[in-house]
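**Q** After the structure tokens below, expect a handful of questions from me.
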Amino acid sequence: MFIKGVGMTKFDYSQKPWWQFAFEAAREALENAKMKISQIEAIVFTGMSSCDGYSEHQTHKISLLSDLFKTNVPIIETPSVCAGGGVALWIALQLEKFKNILVVAGEKLVDNKSEMTTHWILSAAERVIEQVEGMLFPVQNALVWQQYMLKYGATMDDLALIAYKNHQNATLNPKAYYYQRQVSLEDIKNSPIVAFPFRLMDCSLSVNGGAAVILSKEETDIEVLGSGFATDYLLTFGRKEPWHFQATKLAAEQAYQEARIKPEDIDVAEVHDAFTSVELFSYEDLGFAENGKGAELIRSGKVNLNGQLPINPSGGLKAKGHPISVTGLAQVYEIVNQLRGNCGARQVKGNPKIGLCHNIGGTGGSVTCHILRRR
């Protein structure tokens, strides 16, 4: 399959309904593809906000989207928490019956009081132990990071460098929440502790937004070269090595095998940095570094915008923002534009040809990996 068009809203706190974010992103994708909605034969939608019927009080989302787009084509809804965008794209790639497919996400995540939003996000964790004990995702990931530091000797300074890199990149991205908002390394290292040893600046930013991708059998300049999807146990500490996400390794292996390439062939990547530690773990799980040596990539500058393998040129979830289900498609939006050379001041040098998108749900519970190539 090929990618014809991509669209994305600005990530922010504006209080538009989820469907408006989805509609705006889809409209931009259609314009980018020079297509009309009447040419779309199927739609795959992902979104978690108000999934329980609260907030906007609407659970029949696919029918609402039919009304919104004025279409009667099949619409599939596939929520998968933070991996929703990646899973929606993976599902769309399996729909060989259709020529043109719109994959779209919209999220009004930041809506209610913070304690209500936190309670809702926690529902993605294991219920009997993690939810009952109040193990919010910053807590879970901080505990995992503690174990990694003990085993491999990485430091909080390594994570600060990741946060700094992504914030620097976001200042060049007009659709990022932290666009033109300078954050110093000192600011990052002195930000408040939220779950020891994590600081505020080690955590991604919850925002609202939308993104869309149009897949087509018709050949275009961007080809989906490989796609992988894997899952893992819900209980984070029920895994042998919780700091290595087995689902990432499996999804990446599937994508590399299908694409017939190796990790060293990747020119640019969007990696799921819900927490700075997760980006570092992913360097290893995606095959960019050996186990225990992920910190060497950020220390050397290899993953910086001007490095050999730029990671998260968009600013990542950390500084662009993380509207849950939308993130996976927003990563595709960035990589497509990087491969097309449309990213302006944050454009990766050297005419990148192959890009990778890595999307995680929960603490490694569901993961997708997509590899795109400029033809």
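The values are calculated or read from the model by the stated rules, or taken from the named source; none is laboratory data. These numbers were taken from a predicted model, which means no experiment stands behind them. FYI the Cβ positions are ideal-geometry reconstructions off the backbone, even for glycines, and counts take in every protein chain you see.
**Q** Scan region 304-322 and tell me whether some residue there is closer than 20 Å to Leu339 by Cβ and among the basic types (Lys, Arg).
**A** Taking region 304-322 first, the residues closer than 20 Å to Leu339 by Cβ are 304-316, 320.
Then drop every residue that is not among the basic types (Lys, Arg), which leaves 320.
Yes, there is a match, as at least one residue in region 304-322 is closer than 20 Å to Leu339 by Cβ and among the basic types (Lys, Arg).
**Q** With region 148-262 as the region, which helices (runs of 4 or more DSSP H) entirely inside it contain at least 2 residues that are under 21 Å from the mean Cα position of the chain (by Cα), at pLDDT 95 or above and among the small types (Gly, Ala, Ser)?
**A** Values: elements: 156-170, 185-189, 246-259.
Output list reads 156-170, 246-259.
**Q** Still on this structure: Here are some residues: Ala29, Ala33. Which one is of a type outside the set (Phe, Trp, Tyr), more than 20 Å from the chain's Cα centre (by Cα) and surrounded by 21 or more Cβ atoms within 10 Å (Cβ to Cβ)?
**A** When all the criteria are applied, what remains is Ala33.
**Q** Another question, if that's okay. How many residues, within region 263-296, are buried (at least 17 other Cβ atoms within 10 Å of the Cβ), farther than 21 Å from Pro197 by Cα and over 20 Å from the mean Cα position of the chain (by Cα)?
**A** Summing the residues that are buried (at least 17 other Cβ atoms within 10 Å of the Cβ), farther than 21 Å from Pro197 by Cα and over 20 Å from the mean Cα position of the chain (by Cα) in region 263-296 gives 1.
**Q** I'd like to verify a number: residues in region 276-296 that are outside any helix (DSSP H, G or I), over 13 Å from Asp158 (Cβ atoms) and touching a residue at least 40 places away in the same chain (Cβ under 8 Å), how many?
**A** 2
**Q** Tally up the residues in region 71-92 that are assigned to a helix (DSSP H, G or I) and surrounded by fewer than 17 Cβ atoms within 10 Å (Cβ to Cβ), please.
**A** 0
**Q** Let me ask something else. Quick check on my filter: what residues within region 313-342 are under 10 Å from the mean Cα position of the chain (by Cα) and either part of a loop (DSSP other than H, G, I, E, B) or among the hydroxyl-bearing types (Ser, Thr, Tyr) (or both)?
**A** Once the filter is applied, which keeps residues that are under 10 Å from the mean Cα position of the chain (by Cα) and either part of a loop (DSSP other than H, G, I, E, B) or among the hydroxyl-bearing types (Ser, Thr, Tyr) (or both), region 313-342 yields Gly321, Pro323, Ser325, Thr327.
**Q** Could you list, in sequence order, all residues of region 4-47 that are part of a loop (DSSP other than H, G, I, E, B), under 24 Å from Leu95 (Cα atoms), modelled with pLDDT of 95 or more and not β-branched (Val, Ile, Thr)?
**A** Result: Lys34, Met35, Lys36, Glu41.
**Q** Of (1) surrounded by fewer than 20 Cβ atoms within 10 Å (Cβ to Cβ); (2) within 20 Å of the chain's Cα centre (by Cα); (3) part of a helix (DSSP H, G or I), Arg299 satisfies all except one. Which?
**A** Evaluating Arg299 over (1) surrounded by fewer than 20 Cβ atoms within 10 Å (Cβ to Cβ); (2) within 20 Å of the chain's Cα centre (by Cα); (3) part of a helix (DSSP H, G or I) leaves (2) as the failure.
**Q** In contact (Cβ under 8 Å) with a residue 40 or more places away in the chain, over 28 Å from Val81 (Cα atoms) and part of a loop (DSSP other than H, G, I, E, B): does that describe Val348?
**A** It is true that Val348 is in contact (Cβ under 8 Å) with a residue 40 or more places away in the chain, over 28 Å from Val81 (Cα atoms) and part of a loop (DSSP other than H, G, I, E, B).
**Q** Could I ask something else about it? Any idea which of Glu126, Glu107, Glu130 is among the charged types (D, E, K, R), over 23 Å from His358 (Cα atoms), modelled with pLDDT under 95 and buried (at least 19 other Cβ atoms within 10 Å of the Cβ)?
**A** Checking each option against the conditions leaves just Glu130.
**Q** Okay, next question. For region 166-203, what are the residues that are of a type in the set (Gly, Ala, Ser), buried (at least 18 other Cβ atoms within 10 Å of the Cβ) and over 17 Å from Asn337 (Cβ atoms)?
**A** The one that is of a type in the set (Gly, Ala, Ser), buried (at least 18 other Cβ atoms within 10 Å of the Cβ) and over 17 Å from Asn337 (Cβ atoms): Ala195.
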